[in-house]
Amino acid sequence: MTEDAFGKATGTKDKEFFKIEGASHIETYRVPKYVDVALEKLARFTQEPFNDWR
């Protein structure tokens, strides 16, 4: 997702643009140092409470 597309995203007040410096989109799937950063962020995200969704 580009920064432009992110800015146009609506329907939520809880969003975050997470950019991995130096990584291209495809590299976030196959370069271990970028995969590790992405997975750490995903792990933190999935551990947060989702009480506001109700």
Of the residues in region 1-19, those that are under 22 Å from residue 39 (Cα atoms), part of a loop (DSSP other than H, G, I, E, B) and among the charged types (D, E, K, R) number 4
Which one is surrounded by the fewest Cβ atoms within 10 Å (Cβ to Cβ) among residues in region 20-49 that are among the charged types (D, E, K, R) and free of Cβ contacts under 8 Å to residues at least 12 places away in the same chain?
21
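Computed from the coordinates by the stated procedures, all read-outs in this text should not be read as laboratory data. For clarity, every value in this text was computed on a predicted model and none was experimentally measured. As a convention, Cβ positions derive from the backbone with ideal geometry for all residues, glycine included, and neighbour counts pool all protein chains shown.
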